[in-house]
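As structure tokens, the structure follows; a few thoughts come after it.
The values are calculated or read from the model by the stated rules, or taken from the named source; none is laboratory data. Note that this is a predicted model, so its numbers are computed, not measured. When we count neighbours, we look across all protein chains shown, and the Cβ atoms used for this are built from the backbone with ideal geometry, even at glycine.
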Amino acid sequence: MSTRGTTVPDPFSADRWAIQDLKHRYVRSVDLRDWEALAATLAPEMAAQYRPDLVTEGADALVAELRGRLTEHRITIHQLAHPSIEIDGHRATGTWTMTDRTICTDIGVVVEGMSVSHDRYRRDPERGWLITSIGYQRAYEATMALTDVPSFVVRATPYDLVAPA
């Protein structure tokens, strides 16, 4: 698409939709603890940096790390908005606004925040678009004790969401 000599990305391209779907499958898989589906979104060589002191190299290592951290005592929800996706052949970059909440029933804390996610992707001839790099720039993080809100009731049922109907 071109406007007065300037190339404007096509917001309705099949690649753009595929990358948006990929990122949504990634966060949904984390929230539902669907480790197989999560692995399907990642390139084997991928790297993730969720904090300056937390860098994970490789898809298998990331799935194992998340699986270990996100036990039945940790309920998460991630929401994505405002994607900005640049595609260059078989490579792409994406920037997303992400809000997240983690309810830690084991230690009685809720952590929520907002980040800007900077991702890289590559197109695999057999698997389609895959995530090769994820990095978060945290804008804010707030922590609240569950005891601060006495009427706050948590029922941990994340595994019910992935059970067959």
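Name every residue in the range 47-99 that is more than 20 Å from Asp124 (Cβ to Cβ) and part of a loop (DSSP other than H, G, I, E, B), in order of residue number.
Of everything in the range 47-99, those that are more than 20 Å from Asp124 (Cβ to Cβ) and part of a loop (DSSP other than H, G, I, E, B) turn out to be Pro52, Asp53, Leu70, Thr71, Glu72, His73.
Return the residues of the range 57-88 that are more than 14 Å from the chain's Cα centre (by Cα) and of a type in the set (Ser, Thr, Tyr); say none if nothing qualifies.
Thr71, Ser84
Just wondering, is there one or more residues in the range 126-135 that are of a type in the set (Gly, Ala, Ser) and touching a strand residue (DSSP E or B) at 6+ places or on another chain (Cβ under 6 Å)?
yes
Might you check whether a residue that is more than 21 Å from Ala47 (Cβ to Cβ), modelled with pLDDT of 95 or more and surrounded by 13 or more Cβ atoms within 10 Å (Cβ to Cβ) occurs anywhere in the range 114-136? Give the derivation first.
To start, the set of residues in the range 114-136 that are more than 21 Å from Ala47 (Cβ to Cβ) comprises 114, 125-126.
If we keep only those that are modelled with pLDDT of 95 or more as well, we get 114, 125-126.
Now narrow it down to the ones that are surrounded by 13 or more Cβ atoms within 10 Å (Cβ to Cβ): 114.
The answer is yes; a qualifying residue exists.
Inside the range 89-124, can you point out the residues that are within 14 Å of the chain's Cα centre (by Cα) and hydroxyl-bearing (Ser, Thr, Tyr)? Steps first, answer last, please.
Keep residues of the range 89-124 that are within 14 Å of the chain's Cα centre (by Cα), which gives 94-102, 113-121.
Answer for the range 89-124, where residues must be within 14 Å of the chain's Cα centre (by Cα) and hydroxyl-bearing (Ser, Thr, Tyr): Thr95, Thr97, Thr99, Thr102, Ser115, Ser117, Tyr121.
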